[in-house]
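The values are calculated or read from the model by the stated rules, or taken from the named source; none is laboratory data. Note that the structure is a prediction, hence the values are computed from the model and not measured. Cβ placement follows ideal geometry from the backbone for every residue including glycine, while neighbour counts extend to all protein chains displayed.
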Number of protein chains: 4
Amino acid sequence: MTVRQRARDLGIPFDGETGPLNAITDVAGVEVGFTTLIDGDGALQIGKGPVRTGVTIIHPRGKDRAFDGVWAGRFSLNGNGEMTGVHWIDEAGAFSGPIAITNTHSVGLAHHGILRWMIAHPRFNAEAQLWMLPVSAETCDEYLNDINGQHVTEAHVLAACDSARPGPVAEGNVGGGTGMVCYEFKGGTGTASRRFTLGDETFTIGVLVQANFGKRHDLSVRGVPVGRHLTDNAVWGTAQNPDVQGSIIGIAITDAPLSAIQLQRVARRMGLGVGRTGSPSEDGSGDIFLAMSTHNDVCEKAGTSEAMLRYTVNAHINPLFLATVEATEEAIINALAAAETMTGQNGHTVHAINHDDLMAVMKQYGR
Amino acid sequence: MTVRQRARDLGIPFDGETGPLNAITDVAGVEVGFTTLIDGDGALQIGKGPVRTGVTIIHPRGKDRAFDGVWAGRFSLNGNGEMTGVHWIDEAGAFSGPIAITNTHSVGLAHHGILRWMIAHPRFNAEAQLWMLPVSAETCDEYLNDINGQHVTEAHVLAACDSARPGPVAEGNVGGGTGMVCYEFKGGTGTASRRFTLGDETFTIGVLVQANFGKRHDLSVRGVPVGRHLTDNAVWGTAQNPDVQGSIIGIAITDAPLSAIQLQRVARRMGLGVGRTGSPSEDGSGDIFLAMSTHNDVCEKAGTSEAMLRYTVNAHINPLFLATVEATEEAIINALAAAETMTGQNGHTVHAINHDDLMAVMKQYGR
Amino acid sequence: MTVRQRARDLGIPFDGETGPLNAITDVAGVEVGFTTLIDGDGALQIGKGPVRTGVTIIHPRGKDRAFDGVWAGRFSLNGNGEMTGVHWIDEAGAFSGPIAITNTHSVGLAHHGILRWMIAHPRFNAEAQLWMLPVSAETCDEYLNDINGQHVTEAHVLAACDSARPGPVAEGNVGGGTGMVCYEFKGGTGTASRRFTLGDETFTIGVLVQANFGKRHDLSVRGVPVGRHLTDNAVWGTAQNPDVQGSIIGIAITDAPLSAIQLQRVARRMGLGVGRTGSPSEDGSGDIFLAMSTHNDVCEKAGTSEAMLRYTVNAHINPLFLATVEATEEAIINALAAAETMTGQNGHTVHAINHDDLMAVMKQYGR
Amino acid sequence: MTVRQRARDLGIPFDGETGPLNAITDVAGVEVGFTTLIDGDGALQIGKGPVRTGVTIIHPRGKDRAFDGVWAGRFSLNGNGEMTGVHWIDEAGAFSGPIAITNTHSVGLAHHGILRWMIAHPRFNAEAQLWMLPVSAETCDEYLNDINGQHVTEAHVLAACDSARPGPVAEGNVGGGTGMVCYEFKGGTGTASRRFTLGDETFTIGVLVQANFGKRHDLSVRGVPVGRHLTDNAVWGTAQNPDVQGSIIGIAITDAPLSAIQLQRVARRMGLGVGRTGSPSEDGSGDIFLAMSTHNDVCEKAGTSEAMLRYTVNAHINPLFLATVEATEEAIINALAAAETMTGQNGHTVHAINHDDLMAVMKQYGR
């Protein structure tokens, strides 16, 4: 697969300084893995395909450290979706284990598969891990994929867990993002990162999105109303698809020192990053965000009853908020830029955004 | 299996008027089904057993009407647990489909199984149900069950969905409640109901719990500190099990006219019902509650853009709140009363509460 | 006072159809009143001035119907601020009485004054209104106003309550907005409205903001990075004012049929409207939003125990969400457009945005 | 005023070990002050009295350290009430300044008065405290007090702030608790404390309540249904007072090391303490709880951008949860035990619980 240019390389003028990879893996320790399932063509037969789906796995501290918790906070801008594990994240501000993102009707199986992987992990200790509460999230690929066939299997989840790596992250039609639609262009997986300074120390935040939301007319790229100019090949708004909008899952990881309650603040800013791309967060969308910090260990069952947590003094936190908004925005545009035209079930085709057309509109608006 | 006496039949003085069955099925339309898995003895081998687990299924409007939504609100008193589907419940105040309760490491598979069952349902319409967000909840049976063997299969979930019936509800060691421990006695499934009057109309609320929480010392039955007297055979507080507490999932359904925000209020009262049995809601417990009303239809995708909802004027709502607290409390005591002594993995035994001993303590305190 | 042109009249290209006044008063029944306090010049003496502050009052159903509730939901995007009354709004999804917006250190007095006004209201009935829980909100005008002098009095609040009128709404340096700063330009009160269609019925949403937030560099007007071009006279970022950001209170009222939980959804969209103007919602900002619907009566203490509520079927709600984002965005830009340069305590001057300069930048970006 | 015996001294069998004073002031640094207003008799004339109200002030770190923040979390079990300051507590998990508790129609004035007091504080620095967000809470004393006369003045608030002291805390008809009614007995201010051990360190939690809630029939004391036996002189349930229930404000302070999110957990347990006294948390009640920890400083505007926070490892936190439930329960019973019969506006009389009658019922139930 040839890789399409990323949004920034096309000349779209983003703000801020990215990490070296402009990816969630710019945060030390983060590993990302994918299982991509593309199989069959033609008429939909539930259980037979065509299949256009997959699983994305993120290990916040890497595979080996799957049992070492991260601090976390979450926000649901519009809750027409699923992200498991949030009761404990709301309660304790922390969790452990890999995060899965897949299609809506495989989110339970992905949860099941994460547990299988953890139980088989060399560091699994049944005495210490009496129970586990995995994070599994989803967006809906029914337009291209035989979603009711539930084609993701345990083996697919285990493979994505095992294949996770640091380094560059594939974007577009990969993993859970395989069959996604974003602003009625082909969407999917996107990532970006920002470096920012709190006081005189520099940190990184990386964002990965599974972008599957938005109506064409609303698409805004760096303030330019792109969706009003690039009106061809929109998939909704037809008799058969009057008002389907999909969802976005956003995962942010930073190495900055943050408490759980501060991570809830970060998660809320991811919603503003989505807003920058034009969507008013529609009813049918599960716009759900999870923010984590790897800076502090999560002390859970230690012999000691107390532990220390380093946090950012709130008066200094604004650069992180801005970085979060920017990285989320860019990750979405990266998903659009990377995704390639795909034909799926019943011959449904979703077209990629044309880079030249996009840049022509940008130019028209002085960008 | 001989059925043990229910708490009320033992002479425990509960308040309020129950429905005819004193069960969640006193609310018209509600159907409950179970798959109970008991297999093997002796030393634990992950994947081989012993197995002491199952699945409980609740259809709020019955199997046939699985796609007809109910209004709902939820509350997490202590979120060390899982209940999927809550993002949309928080957002829309409604959901559809059966509710599953199982063990912690099968909650994803139960989610998956519910979808399988819905996709195969005669009324499933892929054009209308583009995506579904099932409710699957859990408590942890690791003390008796090979939880890491993940013994619940799709077939088990489908069977529980299909077996659901109106009428009397089995209690104790059945379904998801099979391997549960409550106040260090054998716990499991319990149910109760109350009739209450709003204005001059009478309604019913039914509660079903999967009771798996509490330390012996804290057990209080109708205000009597039973746990301080019945100290034999407690399972925690030992070197191997210093402070394990489990969880409680509470499901309430009423036919009273309630809005979504009012159902959140009802869910909070379920926490007070748990509190009446003595627990301070401990750290390791997932004390998560879901309250539903079947009174109003949920208008979702109709051709019409508006619908009417009947609600209770808040100034009249107190009898419902009291009924909720009482039914939750009684459902927990019913779980204790019904459950029978069980030996599970590695020879772990959890003893049932002895009815005579219980009533002797009650008598000592003037009850 | 000459009235400056509104943003739309300057030629800024907003989307959507406004109501006749493009104001919160486009919703039938809404009345708005102001008390504006401008007094003194020169060096600050706490308690003596200079004074640059006031009170804004909104009667959602008009003065006469002050005891008739409205359905409501709220959202705090960043809670560095105050809006009283939210416990009951969260619980019941409704409240009654006027809404006050003033400066941070007068928010308690405004609460007190509302009660005085309600107790003296001809329709006040001490038997029926055993207690009242007013909504009083604030943003901070300390840069221009002797905020610690707490210059707002009961008489000022009563006057604003009494002066409220339907019809055109003053913007800029009026009422609670008198001393406000927005993106380091002079800010203050702004309003806008949108008409939108749910199914085949048309409704109106009106928004009023007290805009006192944002750093110059972040200001975006319809996607154009205006703040990077108009860099003169910024007030923060200096040694004395390193990172002060203020707040925004947003009040939305609609005549569309909505439940309480739907109004929470509307309130969240107001945050997206703020985001469209560029701010990442900074730490020092109290970005708090209240959304109301006047469509249904709120039945509170009636002899009857049940009432009916008309709601919008969620599948049809998107036009309202978009209208909310748009009206919030335009209300903020209207506040900027209307506010005039002001000099306050210690000679601090905050400059109005220059309309010609603004439109020159807009033109440069193809608008 | 003769002081009535406290609940524990009557022989009511509470669990746990109290601090030396069994009061909120057992936590080092805490100071409590009261202004009690009792004036006039006979027929109600709004603005003239009779007056039965007051203000209670709590300085979590003492008067001198009013600008030093505490970590905090809150919970609203039933939000028919007011506690200001919660937006920032939800956002930052911290606040500074004294806490006021007064009557419902004086809560704004108390907010105003706290600011006056802070602005006049020797340590007030207008450059550092650009704005302040006080915590002011209330319960409703309309049955005894001319609440619509709004008799609390700034001077009363300042006096309560200044009069605050460490050491023993007055209970019953004092401060904001002066005119309160609890389970239809005379209620008011109550306090209690518990010592508890996390790991091998011992800490203290102190609770102060303003108890003004509950229907007689529901009153439970240590599990004994006292309210069903002591039925004389109940004030509600009559034609004029069919279903009025009041509220409870609960304030907890501990010296244990806790993060903000952990303090939210503590606040939720205060609701369980209320539940132990029998109430199902009725519709008319504002049952609102604030929990604070003084263990860690709150680093807000320091030159440094990072700070450290010591927290309790969750696996060790249960003794705190139990202590919170117990101290809240005992503080309520202490309010009942301490309050004396009072006659207020229009000759309304609320009777104190009779200690001998209470203990006779306790004995009947084996206590």
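Selection of the range B:336-361 for residues being out of contact with any Asp or Glu (no Cβ under 6 Å at 6 or more places or on another chain) and crowded, with 18+ Cβ neighbours inside 10 Å yields B:Leu336, B:Ala337, B:Ala339, B:Met342, B:Gly344, B:His348, B:Val350, B:His351, B:Ile353, B:Leu358, B:Val361. Flag not set for A:Lys63, criterion: closer than 22 Å to A:Gln345 by Cα and either over 19 Å from the mean Cα position of the chain (by Cα) or in contact (Cβ under 8 Å) with a residue 60 or more places away in the chain (or both).
Within the range D:92-103, the only residue that satisfies the criterion of being within 9 Å of another protein chain (Cβ to nearest Cβ) and surrounded by fewer than 24 Cβ atoms within 10 Å (Cβ to Cβ) is D:Ala94. Here C:Ile24 meets the list (1) over 27 Å from C:Ser279 (Cα atoms); (2) more than 14 Å from chain D (Cβ to nearest Cβ); (3) not polar (S, T, N, Q) almost entirely, failing just condition (1). All told, C:Ala126 meets the bar of being out of contact with any Phe, Trp or Tyr (no Cβ under 9 Å at 6 or more places or on another chain) and surrounded by fewer than 24 Cβ atoms within 10 Å (Cβ to Cβ).
Among the helices (runs of 4 or more DSSP H) confined to the range A:248-367, the ones with at least 2 residues that are within 14 Å of chain D (Cβ to nearest Cβ) and within 25 Å of D:Gly93 (Cα to Cα) are located at A:260-276, A:318-338.
Quick check, is A:Asn212 more than 30 Å from C:Gly16 (Cα to Cα), of a type outside the set (Ser, Thr, Tyr) and touching an Asp or Glu at 6+ places or on another chain (Cβ under 9 Å)? Spelling it out, it is not the case that A:Asn212 is more than 30 Å from C:Gly16 (Cα to Cα), of a type outside the set (Ser, Thr, Tyr) and touching an Asp or Glu at 6+ places or on another chain (Cβ under 9 Å). Note on the range C:269-319: residues that are in contact with a helix residue (DSSP H, G or I) (Cβ under 9 Å, 6 or more places away or on another chain), among the basic types (Lys, Arg) and closer than 23 Å to C:Asp200 by Cα amount to 1. Taking the criterion of being within 14 Å of another protein chain (Cβ to nearest Cβ), over 28 Å from A:Asp283 (Cα atoms) and in contact with a Leu (Cβ under 6 Å, 6 or more places away or on another chain), would at least one residue in the range C:213-235 satisfy it? Yes, the range C:213-235 has at least one match. For the residues D:Gly273, D:Gly246, the requirement of being farther than 19 Å from A:Ala260 by Cα, crowded, with 24+ Cβ neighbours inside 10 Å and modelled with pLDDT under 95 singles out D:Gly246. You will find that of B:Arg216, B:Arg194, the residue that is free of Cβ contacts under 8 Å to residues at least 40 places away in the same chain, of a type in the set (Lys, Arg) and in contact with a helix residue (DSSP H, G or I) (Cβ under 6 Å, 6 or more places away or on another chain) is B:Arg216 and no other. Does any residue of the range B:89-98 turn out to be in contact with a Gly (Cβ under 7 Å, 6 or more places away or on another chain) and part of a strand (DSSP E or B)? Within the range B:89-98, one or more residues are in contact with a Gly (Cβ under 7 Å, 6 or more places away or on another chain) and part of a strand (DSSP E or B).
The one condition from (1) at positive phi; (2) touching a Gly at 6+ places or on another chain (Cβ under 8 Å) that D:Gly16 does not meet is (2).
Looking at the range B:125-140, which of the residues that are within 8 Å of chain A (Cβ to nearest Cβ) and in contact (Cβ under 8 Å) with a residue 12 or more places away in the chain is farthest from the chain's Cα centre (by Cα)? In this case the residue turns out to be B:Met132.
Taking the range C:148-176 as the range and being part of a loop (DSSP other than H, G, I, E, B) and within 19 Å of the chain's Cα centre (by Cα) as the test, the residues that pass are C:Val152, C:Ala164, C:Pro166, C:Gly167, C:Pro168, C:Val169, C:Ala170, C:Glu171, C:Asn173, C:Val174.
Suppose we filter the range B:28-41 for residues that are hydroxyl-bearing (Ser, Thr, Tyr) and either under 13 Å from B:Pro166 (Cβ atoms) or buried (at least 24 other Cβ atoms within 10 Å of the Cβ) (or both); how many remain?
Looking only at the range B:28-41, we keep the residues that are hydroxyl-bearing (Ser, Thr, Tyr), and these are B:35-36.
From what is left, the residues that are either under 13 Å from B:Pro166 (Cβ atoms) or buried (at least 24 other Cβ atoms within 10 Å of the Cβ) (or both) are B:35.
Summing the residues that are hydroxyl-bearing (Ser, Thr, Tyr) and either under 13 Å from B:Pro166 (Cβ atoms) or buried (at least 24 other Cβ atoms within 10 Å of the Cβ) (or both) in the range B:28-41 gives 1.
Can you find a residue in the range B:114-133 that is assigned to a strand (DSSP E or B) and farther than 21 Å from B:Glu300 by Cβ? No, that holds for no residue. With the structure loaded, tell me whether A:Leu44 is within 11 Å of another protein chain (Cβ to nearest Cβ) and modelled with pLDDT under 95 or whether it fails that test. No.
Table: residues versus (1) buried (at least 23 other Cβ atoms within 10 Å of the Cβ); (2) part of a strand (DSSP E or B); (3) within 15 Å of the chain's Cα centre (by Cα).
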position	(1), (2), (3)
A:Asp15	no, no, no
A:Gly19	no, no, no
A:Ala43	no, no, no
A:Ile58	yes, yes, yes
A:Phe67	no, no, no
A:Trp71	yes, yes, no
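Has the range C:71-90 got any residue that is more than 13 Å from chain D (Cβ to nearest Cβ), touching a strand residue (DSSP E or B) at 6+ places or on another chain (Cβ under 7 Å), over 25 Å from C:Gly190 (Cβ atoms) and at pLDDT 95 or above? No, that holds for no residue.
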